[in-house]
1. Suppose the filter is under 17 Å from residue 110 (Cα atoms), surrounded by 14 or more Cβ atoms within 10 Å (Cβ to Cβ) and free of Cβ contacts under 8 Å to residues at least 40 places away in the same chain; does residue 37 pass it?
2. Can you tell me how many residues in the range 52-69 are under 18 Å from residue 24 (Cα atoms) and in contact (Cβ under 8 Å) with a residue 40 or more places away in the chain?
3. Within the range 75-124, which residues are over 13 Å from residue 6 (Cα atoms), of a type in the set (Gly, Ala, Ser) and part of a loop (DSSP other than H, G, I, E, B)?
4. Working only within the range 13-26, note down all residues that are more than 18 Å from residue 108 (Cα to Cα) and not small (Gly, Ala, Ser).
5. Suppose the filter is farther than 14 Å from residue 58 by Cβ, buried (at least 16 other Cβ atoms within 10 Å of the Cβ) and not polar (S, T, N, Q); does residue 115 pass it?
6. Can you tell me which of 55, 22, 59, 48 is at pLDDT 95 or above, in contact with a helix residue (DSSP H, G or I) (Cβ under 8 Å, 6 or more places away or on another chain) and either surrounded by fewer than 15 Cβ atoms within 10 Å (Cβ to Cβ) or more than 22 Å from residue 90 (Cβ to Cβ) (or both)?
7. All but one of (1) surrounded by fewer than 15 Cβ atoms within 10 Å (Cβ to Cβ); (2) without any contact (Cβ under 8 Å) to a residue 40 or more places away in the chain; (3) not β-branched (Val, Ile, Thr) hold for residue 14, so report the exception by its number.
8. I need the full set of residues from the range 27-43 which are at pLDDT 90 or above and either among the small types (Gly, Ala, Ser) or part of a helix (DSSP H, G or I) (or both), in order please.
Amino acid sequence: MLTMRTGLLRALGAATCAYGAAAAYRPGLLARPLGLVDSHGPVGPYHALAVRPMAWRDAATGLAMLVAPKGPALATVTAVRIASDVGDALLFGAALPGRFRRAGAATSALGWAALGVAGLIGSGRATEGRSNGRHGPR
C-alpha cells in the first residue's frame, strides 16, 4: 500500500484555504494575475463575480484538506482539489487573454495539481508487511 504524505497535503490545504479566502475578500488577488484587469485598475463587479466562486471553492477544499481525517477522506478531498486544478488549467489555457497569460496560469494550476498528486502517492514505497526495513517481516 502506498503512503500519503499527509504533511504535504495539509500544507497544500492551508495554502489553498488562505489564498482562496483572501481572493474571495479581495478578488484582484486572482483577477490581476489572470489578466482580467490591468495591474493598477479596479476590479469591476463582473470580474469579481467571475473569480469569487473559484476563490470560495479553493477556500472550502483547502479547509477540508486541513480537517479531513487521514485516509480515504483526505484522499477524496485531495482528488477533488486535483480535479479543480486540472479544470482551472483547461479553462485558463483556453480562455484567458494572451498566450503568455494562458500558459502561465495553466502551468500554475497544473503545478498545484501535481503537488496534490505527489501528496497522494507519497513515497511510492510499500509499507504493509515491513517492520524492520529488511526484505520481509520480522
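1. When the stated conditions are applied, residue 37 does not pass them.
2. 7
3. Result: 98, 124.
4. 25, 26
5. no
6. Going through 55, 22, 59, 48 in turn, just one is at pLDDT 95 or above, in contact with a helix residue (DSSP H, G or I) (Cβ under 8 Å, 6 or more places away or on another chain) and either surrounded by fewer than 15 Cβ atoms within 10 Å (Cβ to Cβ) or more than 22 Å from residue 90 (Cβ to Cβ) (or both): 22.
7. The failed condition is (2).
8. 28, 29, 30, 31
The values are calculated or read from the model by the stated rules, or taken from the named source; none is laboratory data. Owing to the predicted nature of the structure, the values given are computational and were not obtained by experimental measurement. All Cβ positions, even for glycine, are placed from backbone atoms using ideal geometry, and neighbour counts span all protein chains on display.
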